[in-house]
1. Grab every C-alpha pair in the stretch 85-149, bin the distances at 10 angstrom width from 0 up to the longest one, and report whole percents.
2. How would you order 132-143, 6-17 from highest to lowest mean count of nearby Cβ atoms within 10 Å?
3. When ranked by the protection proxy of mean other Cβ atoms within 10 Å per residue, highest first, what sequence do the peptides 31-40, 80-89 form?
Amino acid sequence: MSFSSMLQFILGVITGLILLVASGAAAGYYFFSRMVATPSRPVYPEERVSPSTEVIAAPEPEPEPAEPEPAPPEPAADELEPGAYRATVTWPDGLSLRSEPRGESESIGGLAYDQEMIILRTSDDGNWEQVRLPNSDRTGWVRAGNSQPIQE
């Protein structure tokens with residue numbers, strides 16, 4: 001074998017290996033880049049809009065009343081119980097309205113920051129205040145010290 005044919009053989013093998021490695025790297029890049037991409041969101045059967053075959057009847061027009069209804073009377077200002085006073089919430093995140101004066105008791109609602117409330121009384125230990133929402137009979141307990149009395 002001559003030097004020239006030996007050189008051709010070695011260059012052919014090296015060129016083949018380079019092409020093999022390059023094609024493997026390109027295929028790997030293609031598949032790995034597809035695995036990294038976020039898949040499209042699936043559409044479930046209950047989300048699909050199906051053509052409705054139901055016939056919807058047009059609503060019947062209501063006859064106009066002969067006499068206009070009288071306006072409801074203006075609600076009178078809440079009468080405060082003896083010892084009760086109005087206050088606003090000063091805690092920035094608002095307060096949880098609880099069923100009993102304990103931290104573990106059930107939360108029955110909430111009061112937003114700067115919302116008005118009526119403080120009915122303070123618990124015996126002074127840590128809780130029983131409150132009532134204005135224009136409502138809903139009462140509950142909130143932590144004491146998170147309100148500011150309203151000067152009337």
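1. Going out from 0 Å in 10 Å bins, the stretch 85-149 shows 25, 63, 13 percent.
2. Details: 132-143: 15.8, 6-17: 10.2.
The most tightly packed comes first, giving 132-143, 6-17.
3. Most protected by this proxy first, the peptides run 80-89, 31-40.
Computed from the coordinates by the stated procedures, all read-outs in this text should not be read as laboratory data. For clarity, every value in this text was computed on a predicted model and none was experimentally measured. Every residue, glycine as well, gets a Cβ built from its backbone with ideal geometry; the counts of neighbours run over all protein chains shown.
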